[in-house]
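Where a number appears in this text, it was derived from the coordinates with a stated rule and is not lab data. For clarity, every value in this text was computed on a predicted model and none was experimentally measured. Using ideal geometry, Cβ is built from the backbone for each residue, glycine included, and neighbour counts are taken over all protein chains shown.
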Amino acid sequence: MKKIITFGTFDLFHIGHLQILKRARAMGDYLIVGISTDKLNFSKKQRNPICSEQNRMDIIKELKCVDEVFYEDALELKRQYIIDSKADVLVMGDDWAGKFDEFNDICSVQYLSRTPSISTTALIEIVKDI
Ligand code: CTP
């Protein structure tokens, strides 16, 4: 069985999130998703997510293309998460291109093109301006 792992915040769930998760799942037989905790998200993006980690996880785990979810607590644990999951492939959007190549020694690292013209940040800006 080919296992795929991916990571993200998935705040204000949108079509770009769905597309990457569906495409990641189609690359194998089992998709594991590491969901950034609120604390990790704050340290990465200097803001709290709109939706809590519990709500974000509740949404992702119900998706047909997702087999397993867990919380990503710290960036430094990524290598351990990949090893523990026994993933064959790490999938990330190409906004991260090259940034995870260090994990090529334990899995195949693949970057998928992002869905154009949508992001959580853009949605927040649009809603703010209304
Ligand atoms: N993603 C994507 N296409 C988009 C937006 C996101 O493929 N239009 C992917 C990212 O590359 C990542 C995953 O979805 O692999 C989770 O991304 P996340 O950072 O949670 O979403 P963004 O919308 O990019 O959030 P932000 O604007 O806060 O950076």
Using a 10 angstrom cutoff on alpha carbons, build the Gaussian network for the chain and name the most mobile of Val91, Val33, Val109. Val109
Principal axes of the chain: Cα extent on each, largest first, Å: 46, 28, 27
Using the Cα centre of segment 81-130 as the reference point, and only Cβ charges (+1 on K/R, -1 on D/E), how large is the resulting charge dipole? Debye, rounded to the nearest 20. 160
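Taking the Cβ of each residue in Ser117, Ser36 as the centre, tally the other Cβ atoms inside 10 Å and list the residues starting with the fewest.
Ordered from fewest to most neighbouring Cβ atoms within 10 Å, Ser117, Ser36 come out as Ser117, Ser36.
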Suppose the Debye formula is applied to equal point scatterers at every Cα of segment 87-130; what is log10 I(q)/I(0) at q = 0.27, 0.32 Å⁻¹? -0.89, -1.06
So what is the relative contact order for the chain, in percent, with contacts set as C-alpha pairs under 8 Å and at least six apart? 31
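Divide, for segment 1-67, the radius of gyration over alpha carbons by 2.2 N^0.38 Å, where N is the residue count. Intermediate values should be presented prior to the final figure.
On the way: Rg = 12.1 Å, N = 67, 2.2 N^0.38 = 10.9 Å.
Dividing the Cα radius of gyration by 2.2 N^0.38 Å gives 1.11.
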Using a 10 angstrom Cβ neighbour count of at most 14 plus a DSSP loop assignment to flag exposed trypsin sites (Lys or Arg not before Pro), which longest range of the chain is free of such sites? 3-46
Top positive-direction residue, dipole computed over segment 1-107 with Cβ charges, set Val91, Phe103, Leu77: Val91
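Which of the GluC sites (Glu not before Pro) found in segment 1-81 are loop residues per DSSP with 12 or fewer other Cβ atoms within 10 Å of their Cβ? Working shown, then result.
Numbers: sites: Glu53, Glu62, Glu68, Glu72, Glu76; in loops: Glu62.
Those satisfying the criteria are Glu62.
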Starting from the amide H of Cys51, placed 1.01 Å from N in the peptide plane, find each other amide H under 5 Å away whose residue is 5 or more places distant or on another chain. Leu12
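Could you work out the helix-only [θ] at 222 nm for the chain, with each DSSP H run of four or more residues adding -39,500 (n - 2.57) and the total divided by the number of residues, to the nearest 500 deg cm²/dmol? Before the final figure, lay out the partial values.
Working: 5 runs with 47 residues, N = 130.
Mean residue ellipticity at 222 nm (helix-derived): -10500 deg cm²/dmol.
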How big is segment 54-97 in terms of Cα radius of gyration and Dmax, in angstroms? 11.8, 29
Where a Cα-Cα gap under 28 Å defines reach, which lysines qualify for Lys22, not counting those fewer than 8 residues away within the same chain? Lys2, Lys3, Lys39, Lys44, Lys45, Lys61, Lys64, Lys78, Lys86, Lys99
Would you tally the net charge around Cys107, using a Cβ to Cβ cut-off of less than 14 Å, leaving Cys107 out, and scoring K and R as +1, D and E as -1? 0
